[in-house]
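Novice: Starting off with a structure, shown below.
The values are calculated or read from the model by the stated rules, or taken from the named source; none is laboratory data. Please read these numbers as outputs of a predicted model, since none were measured by experiment. Here the Cβ is made from the backbone with ideal geometry for all residues, glycine too, and neighbour counts use every protein chain on show.
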Amino acid sequence: MNEPILKTENLTHVYSPGTPFEMTALNGVDLEIRKGEILGIIGHTGSGKSTLIQHLNALIKPTSGRVLLEGRDINESKSAIRQARSRVGLVFQYPEYQLFEETVYKDIAFGPKNMKLSPEEIDRRVREAAGFVGVEELLDRSPFDLSGGQKRRVAIAGVIAMMPEVLVLDEPMAGLDPGGCREIMDNILSYHDKTGAAVVVVTHSMEEAARRADRMVVLNHGTVAMSGAPEEIFARGDELRKMGLAAPVMTELSQRLRALGVELPGTVYTVEQMAAALLELEGGRGRA
């Protein structure tokens with residue numbers, strides 16, 4: 001098992017403490033992000049997902065508890081905060097709304113410039129990040145002339161150009177059509193595969209989390225309700241439904257088929273797994 005690169009200890013965050021609007025968004029969250037893994041964080045609206053990830057590079061500070069980057073509290077000093085923000089990259093939901101430079105090149109270069117890198121290193125990182133997300137041909141274009149999916153990829157490239165060891169994305173596929181979703185996820189996986197970075201994908205979609213994640217964490221009312229491999233999480237369908245979540249459609253279908261006496265082999269929670277299970281059931285002859 002890989003060692004954790006980033007972890008939270010008893011992380012608690014209270015908004016507007018001591019006022020009539022006081023709200024506990026996180027309550028004693030213990031979370032590990034392991035080197036090189038793809039972690040899916042899921043939960044209903046208001047479960048604390050966005051508040052949690054903003055703690056991971058010190059955008060907001062805990063009311064109590066700690067966030068540790070390889071054992072060091074990221075909030076202990078200004079230098080620790082700077083280090084965390086260069087090593088933990090955060091892509092907000094609808095990041096394309098944050099594009100502002102004249103060209104795609106300049107937008108991607110913004111983060112590396114703030115890291116005080118040499119012009120040569122900035123150029124290398126911009127072109128490499130553009131390659132990861134497939135916008136190499138757009139570097140001289142204005143970001144405002146691009147399609148929605150292209151803008152999303154440029155915004156993600158701006159974070160990738162900082163070469164974070166932990167890449168955190170908040171609903172990266174939100175608002176995109178299925179083709180755009182696949183492209184964005186492929187871009188993220190390309191960065192993961194080529195750099196070995198840990199990737200954290202925050203989503204409300206069980207299907208997205210199931211398809212790619214090595215491990216999943218379910219948040220509910222500011223606490224970690226479940227943690228484990230996708231098949232472990234989806235085996236607890238009744239608990240998920242009580243939290244306002246639904247297991248992937250293929251998991252629900254497989255459960256209904258099994259209830260009807262169809263002995264599906266293996267774990268099923270994606271379309272690809274269902275197809276493989278049906279083909280195996282039919283002896284590989286393809287009649288399914």
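Novice: Every residue in the stretch 129-160 that is closer than 22 Å to MET173 by Cα and without any contact (Cβ under 8 Å) to a residue 40 or more places away in the chain, please. Spell out the reasoning first.
Specialist: Quick first cut of the stretch 129-160, residues closer than 22 Å to MET173 by Cα only: 129-136, 138, 143-160.
Listed by number, the residues that qualify are ALA129, ALA130, GLY131, VAL135, GLU136, LEU138, ASP145, SER147, GLY149, GLN150, ARG153.
Novice: Could I ask something else about it? Hey, any hits in the stretch 197-204 for a residue that's buried (at least 16 other Cβ atoms within 10 Å of the Cβ), in contact with an Asp or Glu (Cβ under 9 Å, 6 or more places away or on another chain) and assigned to a loop (DSSP other than H, G, I, E, B)?
Specialist: There is at least one residue in the stretch 197-204 that is buried (at least 16 other Cβ atoms within 10 Å of the Cβ), in contact with an Asp or Glu (Cβ under 9 Å, 6 or more places away or on another chain) and assigned to a loop (DSSP other than H, G, I, E, B).
Novice: While we're on this one: Could you check the stretch 69-119 and list, in sequence order, the residues that are closer than 21 Å to ILE184 by Cα, hydroxyl-bearing (Ser, Thr, Tyr) and either part of a helix (DSSP H, G or I) or out of contact with any Ser or Thr (no Cβ under 8 Å at 6 or more places or on another chain) (or both)?
Specialist: Of everything in the stretch 69-119, those that are closer than 21 Å to ILE184 by Cα, hydroxyl-bearing (Ser, Thr, Tyr) and either part of a helix (DSSP H, G or I) or out of contact with any Ser or Thr (no Cβ under 8 Å at 6 or more places or on another chain) (or both) turn out to be TYR94, TYR97, TYR105.
Novice: Go through the stretch 244-262 and give me each residue that's buried (at least 18 other Cβ atoms within 10 Å of the Cβ) and more than 18 Å from ARG215 (Cβ to Cβ). Outline the logic, then answer.
Specialist: Of the residues in the stretch 244-262, the ones buried (at least 18 other Cβ atoms within 10 Å of the Cβ) are 245, 247-248, 250-251, 254.
Correct list: MET250, SER254.
Novice: Out of GLN83, GLN98, I need the residue that is surrounded by 15 or more Cβ atoms within 10 Å (Cβ to Cβ) and either more than 21 Å from LEU219 (Cα to Cα) or touching a residue at least 12 places away in the same chain (Cβ under 8 Å) (or both). Which one? If you could, list the steps in order and put the result at the bottom.
Specialist: Working: GLN98 fails: surrounded by 15 or more Cβ atoms within 10 Å (Cβ to Cβ).
Unique residue meeting the criteria: GLN83.
Novice: Test VAL218 against the stated conditions and say whether it is of a type outside the set (Asp, Glu), over 26 Å from PHE110 (Cα atoms), touching a strand residue (DSSP E or B) at 6+ places or on another chain (Cβ under 6 Å) and buried (at least 19 other Cβ atoms within 10 Å of the Cβ). I'd like the intermediate steps shown before the answer.
Specialist: On the way: of a type outside the set (Asp, Glu): yes; over 26 Å from PHE110 (Cα atoms): yes; touching a strand residue (DSSP E or B) at 6+ places or on another chain (Cβ under 6 Å): yes; buried (at least 19 other Cβ atoms within 10 Å of the Cβ): yes.
Yes: the conditions hold for VAL218.
Novice: Still on this model: Whether any residue in the stretch 173-188 is modelled with pLDDT of 90 or more, buried (at least 18 other Cβ atoms within 10 Å of the Cβ) and outside any helix (DSSP H, G or I) is what I want to check.
Specialist: Restricting attention to the stretch 173-188, the residues satisfying the condition of being modelled with pLDDT of 90 or more are none.
Checked against the condition, which is being modelled with pLDDT of 90 or more, buried (at least 18 other Cβ atoms within 10 Å of the Cβ) and outside any helix (DSSP H, G or I), the stretch 173-188 yields no hits at all.
Novice: Restricting to the stretch 75-92, what's the tally of residues that are touching a strand residue (DSSP E or B) at 6+ places or on another chain (Cβ under 9 Å) and either closer than 15 Å to GLU165 by Cα or among the small types (Gly, Ala, Ser) (or both)?
Specialist: So the count comes out to 8.
Novice: Next question. Quick one: count up the residues across the stretch 249-262 that are modelled with pLDDT of 80 or more, over 27 Å from the mean Cα position of the chain (by Cα) and at negative phi.
Specialist: So the answer is 6.
Novice: Restricting attention to the stretch 263-288, and to residues there that are surrounded by 13 or more Cβ atoms within 10 Å (Cβ to Cβ), within 30 Å of the chain's Cα centre (by Cα) and not aliphatic (A, V, I, L, M), which single residue is modelled with the highest pLDDT? Can you show your working first?
Specialist: As a first pass, look at the stretch 263-288 and keep what is surrounded by 13 or more Cβ atoms within 10 Å (Cβ to Cβ): 264, 267-271, 273-281, 288.
With the extra rule that they be within 30 Å of the chain's Cα centre (by Cα), the set shrinks to 267-271, 273-277.
Restricting the remaining residues to those that are not aliphatic (A, V, I, L, M) gives 267, 269-270, 273.
Values: THR267: 70, TYR269: 74, THR270: 76, GLN273: 81.
This residue is GLN273.
Novice: Next question. GLY46 versus (1) assigned to a loop (DSSP other than H, G, I, E, B); (2) within 19 Å of VAL201 (Cα to Cα); (3) out of contact with any His (no Cβ under 9 Å at 6 or more places or on another chain): which is the lone unmet condition?
Specialist: For GLY46, the exception is condition (3).
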